[in-house]
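The values are calculated or read from the model by the stated rules, or taken from the named source; none is laboratory data. Everything quoted here is computed from the prediction, not taken from an experiment. Here the Cβ positions follow ideal geometry from the backbone for every residue, glycine too, while neighbour counts run over all protein chains shown.
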Amino acid sequence: MSREFGVELKVFAAASLTGSYQNFGSVLSGHCIVANFYNTSNVDCYVTRDGTNDNWYIPAGGNIPIDTRILGEGLDREKVLIKSGAQLQIKQVTAAGTGNIVVHLVTIQL
């Protein structure tokens, strides 16, 4: 049985950031196994995968690569970073800014 990988792109303009969580693109179409967050803006932000916890803090100009495959588990069905159907959300740390917050996601259909 083969598995199909996908790539999803989410972009959020820093000028639209507020102090409350907002949807960061559309829901994921597959289980995310690799994510690369990049903040081209001049402000820090939080990103969450569950709407309540600050899962990732991305500093201005920062880059956060996350790859679940480094856990040594290969493509274990239980080792996904973000489950299919999840809605990423984003909020500011201090204020809105200029630039974008970008995330590239590698997803897989299990």
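For the stretch 36-45, the set of residues classified as in a strand (DSSP E or B) and farther than 11 Å from Asn63 by Cβ consists of Cys45 only.
Within the stretch 11-29, residues that are on the phi < 0 side of the Ramachandran plot and in a loop (DSSP other than H, G, I, E, B) have Cβ atoms under 7 Å from residues that are surrounded by 18 or more Cβ atoms within 10 Å (Cβ to Cβ) and hydroxyl-bearing (Ser, Thr, Tyr) in these pairs: Tyr21/Thr48; Leu28/Thr107; Ser29/Thr107, counting only partners at least 6 apart in sequence or on another chain.
Looking across the stretch 1-10, the residues that are assigned to a loop (DSSP other than H, G, I, E, B) and either under 17 Å from the mean Cα position of the chain (by Cα) or of a type outside the set (A, V, I, L, M) (or both) come down to Ser2, Arg3, Glu4.
Here Ala60 fulfils each of the conditions (1) surrounded by 19 or more Cβ atoms within 10 Å (Cβ to Cβ); (2) modelled with pLDDT of 95 or more apart from (1).
Do the conditions hold for Thr98, that is, is it surrounded by fewer than 18 Cβ atoms within 10 Å (Cβ to Cβ) and in contact with a Ser or Thr (Cβ under 8 Å, 6 or more places away or on another chain)? Yes: the conditions hold for Thr98.
For the stretch 33-44, the count of residues that are within 14 Å of Leu88 (Cα to Cα) and either in contact with a helix residue (DSSP H, G or I) (Cβ under 6 Å, 6 or more places away or on another chain) or crowded, with 19+ Cβ neighbours inside 10 Å (or both) is nonzero. Taking each residue of the stretch 86-103 that is assigned to a strand (DSSP E or B) and looking for partners that are buried (at least 16 other Cβ atoms within 10 Å of the Cβ) and among the charged types (D, E, K, R) with beta-carbon atoms closer than 6 Å, six or more apart or interchain, yields Val103/Lys10. Residues in the stretch 29-54 that are hydrophobic (A, V, I, L, M, F, W, C) and either within 21 Å of Ser16 (Cα to Cα) or in contact with a Cys (Cβ under 9 Å, 6 or more places away or on another chain) (or both): Phe37, Val43, Cys45, Val47.
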